[in-house]
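Q: The structure follows.
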Amino acid sequence: MGHLKRCNILGKTLGTKDISSILALDSGREALPIIVDLPMVALNTVVFDELEDANRIINLSRERAARLVIVDSYRITERWINALKETGIFVAVIDDLGIGAGADLRIDYSPGALEIEGSGVSLLGPSFFITNETRKSQKKREPERVLAHAGGTGNYRAVMPIYEALVEVVNKYDVGLDWLTTGKESLRSLESAGLYRDGHSLLKWNENPKSIWSSYDIVVGPASTSLFESIMQGAVPISFPISATQTSSRKPFLTIGHALHLTEEDVHERKEIMDTLDLAFRHFHFFRDSLDQFSYELDGKGAERVANKILEMLNEQNAHDAAIKNGMPDLKRPLGADTDTIRSCDLRDSLNWLEARNAPAALGVSSNPDHKIAWSEHLRWWMNPNTEKFVIENHRGPQAFFWHRAATFREEPYLIGGWFPSIVGDTSFAEIASLMQWQLDYCSEKYPHHTWVAIINKSNKAVLALNRYHGFFEASDQARSAAANLFPRFSEDFVVLQRKAYQ
């Protein structure tokens, strides 16, 4: 349904620029899930054969005098693309799986999308999301209505643990729950799963729906087109993969402020599912504010941007040569100088941070080396407004993360903190020393009356030496008591050091 919708929208947008389009479908046109505004032709594919399919498209293009083929399918490969290009057809691929190598134009609106070797012009990132939705402001109320859906297939049995947990959580918070069904099979899967309860409502998918997402505060469903549209419409989404073509990693979604994505591993962990759902209700406005702050590229103008690029390229006498020679921006970022910079972290850094905290090198010297921190647990820590978080980075990426927080014990002001090397960095000892000096200077100005208290594993000789080099010394009895209180898992395996913030 998502593929069909975005092709229909792009075709309509091209029509406003005097480029007419025909929609070619694999097979029959009966019972389409949306109203299609383009003329259609069915190829009646029974068994898919890549080169046979390419030849059908070539012949159809010749019949219709088409200069451009836009393909939106997970079945095509570079061989399919090259078969069309060899006949002089200009090929554009809507491609969120990285299978469009060789295309003249590649569109991937996935957050964090990257170029792939061999492709021509690349339109990458959420600003090229093809939709007819418009951006709406966030909800000011507390969450009252939840919508659950199971993607275009509507098969609720595919990820039962999530939907079962959702039923329990909406009952806990006493909010309304609607189930979206996309047809009779979808309704049967919902009923056979035993998810639909008294007090719930059914919402039938309409072929030409007005924005259904804007009526809901929280939308729970697969990471598909609906995820981006619900963000645009002011909801807080909770997403997960329901098929191999959907993203499991939460890293790209964090670039647009979406933190409540369950990975393929998470969907089998009931506690992590429950904790994630609970976070959405307890901290609804935090997550919605983050989406407003970082998903600004989802502005509803993606189809127009893509259509403008297509028009620009088709207006060249030779589209293929134009893709190489004329006006094609180099989207590769220059490496720049090998200079370390330090900046504050935001939600988009949170996953890299967690990976650093859970890396073996960091866990081995932590206060609880057997405890791997879960995503929901990490989010609760991250949302503490009193914790300041920073990253040191250069052109190679993040090198290390560090944090500190002001606290009080027995009416005395203290500072606690920590740092972790990045799993993708190759942080040198000199960089860590520089990082620590920056942090001490920063806190000297901001917290001049506080006392630093640090706990360091006795086996971590290098860090002990580093702290002593920067003026830390053996802690007093009072500072040791503060450390035991401020670090809940403190044990005799740790050395306690202290230092005045202002020196």
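Q: Hey, among Leu195, Leu177, Leu187, which residue is touching a Phe, Trp or Tyr at 6+ places or on another chain (Cβ under 8 Å) and assigned by TED's automatic domain parsing to the domain that holds Phe284? Quick ask: steps written out before the conclusion?
A: Numbers: Leu177 fails: touching a Phe, Trp or Tyr at 6+ places or on another chain (Cβ under 8 Å); Leu187 fails: touching a Phe, Trp or Tyr at 6+ places or on another chain (Cβ under 8 Å).
That would be Leu195, the only listed residue that is touching a Phe, Trp or Tyr at 6+ places or on another chain (Cβ under 8 Å) and assigned by TED's automatic domain parsing to the domain that holds Phe284.
Q: Tell me which of these Ala362 doesn't satisfy, since it passes every other one: (1) crowded, with 18+ Cβ neighbours inside 10 Å; (2) more than 23 Å from the chain's Cα centre (by Cα); (3) modelled with pLDDT of 95 or more; (4) not polar (S, T, N, Q).
A: The one condition Ala362 does not meet is (3).
Q: Something else about it: Can you work out which of the residues in region 39-70 that are of a type in the set (A, V, I, L, M, F, W, C) and part of a loop (DSSP other than H, G, I, E, B) is nearest to Ile89 (Cα to Cα)?
A: First pass over region 39-70, keeping only residues of a type in the set (A, V, I, L, M, F, W, C): 40-43, 46-48, 51, 54, 57-58, 60, 65-66, 68-70.
With the extra rule that they be part of a loop (DSSP other than H, G, I, E, B), the set shrinks to 43, 46-48, 65-66.
On the way: Leu43: 19, Val46: 25, Val47: 25, Phe48: 21, Ala65: 10, Ala66: 8 Å.
Once the filter is applied, the top-ranked residue is Ala66.
Q: Look at Ala92 and say whether it is outside any loop (DSSP other than H, G, I, E, B) and free of Cβ contacts under 8 Å to residues at least 60 places away in the same chain.
A: no
Q: Another one. Report, by residue number, each residue of region 184-215 that is out of contact with any Leu (no Cβ under 9 Å at 6 or more places or on another chain), touching a residue at least 60 places away in the same chain (Cβ under 8 Å) and in a loop (DSSP other than H, G, I, E, B).
A: Asn208, Ser211
Q: Right, something else. List the residue pairs whose Cβ atoms are under 8 Å apart, where the first residue sits in region 266-294 and is β-branched (Val, Ile, Thr), the second is surrounded by fewer than 18 Cβ atoms within 10 Å (Cβ to Cβ), and the two are 6 or more positions apart or on different chains.
A: Val267/Pro161; Ile273/Pro161
Q: Output the number of the condition that Gly257 fails; it satisfies all remaining conditions of (1) touching a Ser or Thr at 6+ places or on another chain (Cβ under 6 Å); (2) surrounded by fewer than 20 Cβ atoms within 10 Å (Cβ to Cβ).
A: Condition (2) is where Gly257 drops out.
Q: Filter region 239-255 down to the residues that are outside any loop (DSSP other than H, G, I, E, B) and within 25 Å of Val424 (Cα to Cα) and list them by number.
A: Within region 239-255, Lys251, Pro252, Phe253, Leu254 qualify.
Q: Suppose we keep only residues that are within 16 Å of His3 (Cβ to Cβ) and not charged (D, E, K, R) within region 39-62. Which one would you say is surrounded by the fewest Cβ atoms within 10 Å (Cβ to Cβ)? If you could, list the steps in order and put the result at the bottom.
A: To start, the set of residues in region 39-62 that are within 16 Å of His3 (Cβ to Cβ) comprises 40, 42-43, 45, 48, 53, 57.
If we keep only those that are not charged (D, E, K, R) too, we end up with 40, 42-43, 45, 48, 57.
Details: Met40: 12, Ala42: 13, Leu43: 14, Thr45: 14, Phe48: 10, Ile57: 21.
So the residue we want is Phe48.
Q: Could you please give the count of residues in region 106-124 that are acidic (Asp, Glu), touching a Lys or Arg at 6+ places or on another chain (Cβ under 8 Å) and within 20 Å of Phe228 (Cα to Cα)? Full working, then the answer.
A: Let us first name the residues in region 106-124 that are acidic (Asp, Glu), namely 108, 115, 117.
Okay, now just the ones that are also touching a Lys or Arg at 6+ places or on another chain (Cβ under 8 Å), so 115.
Remaining after also requiring within 20 Å of Phe228 (Cα to Cα): none.
Residues in region 106-124 being acidic (Asp, Glu), touching a Lys or Arg at 6+ places or on another chain (Cβ under 8 Å) and within 20 Å of Phe228 (Cα to Cα): 0 in total.
Q: While we're on this one: Pick from region 90-119 the residues that are over 29 Å from His258 (Cα atoms) and out of contact with any Leu (no Cβ under 7 Å at 6 or more places or on another chain): which of them is surrounded by the most Cβ atoms within 10 Å (Cβ to Cβ)? I'd like the intermediate steps shown before the answer.
A: Within region 90-119, the subset over 29 Å from His258 (Cα atoms) is 90-91, 102-104, 118.
Narrowing the set further to residues that are out of contact with any Leu (no Cβ under 7 Å at 6 or more places or on another chain) leaves 102-104, 118.
Values: Gly102: 20, Ala103: 30, Asp104: 26, Gly118: 12.
Per the stated criteria, the residue is Ala103.
Q: Just checking, how many residues over region 292-307 are in contact with a Lys or Arg (Cβ under 8 Å, 6 or more places away or on another chain) and not aliphatic (A, V, I, L, M)?
A: Number of matching residues: 3.
Q: Looking at (1) surrounded by fewer than 16 Cβ atoms within 10 Å (Cβ to Cβ); (2) under 35 Å from the mean Cα position of the chain (by Cα); (3) not in a helix (DSSP H, G or I), which is the one condition that is false for Val36?
A: Here Val36 meets the rest and fails (1).
Q: Out of (1) of a type outside the set (Gly, Ala, Ser); (2) surrounded by fewer than 15 Cβ atoms within 10 Å (Cβ to Cβ); (3) in contact with a Pro (Cβ under 8 Å, 6 or more places away or on another chain), the odd one out for Thr451 is which?
A: (2)
Q: Would you point out which residue out of Glu474, Glu431 is under 21 Å from Trp353 (Cα atoms), surrounded by fewer than 19 Cβ atoms within 10 Å (Cβ to Cβ) and in contact with a strand residue (DSSP E or B) (Cβ under 8 Å, 6 or more places away or on another chain)? Write out each step before concluding.
A: Numbers: Glu474 fails: under 21 Å from Trp353 (Cα atoms).
The match here is Glu431.
The values are calculated or read from the model by the stated rules, or taken from the named source; none is laboratory data. Predicted model only: the values in this text are computed from it and were never measured. As a convention, Cβ positions derive from the backbone with ideal geometry for all residues, glycine included, and neighbour counts pool all protein chains shown.
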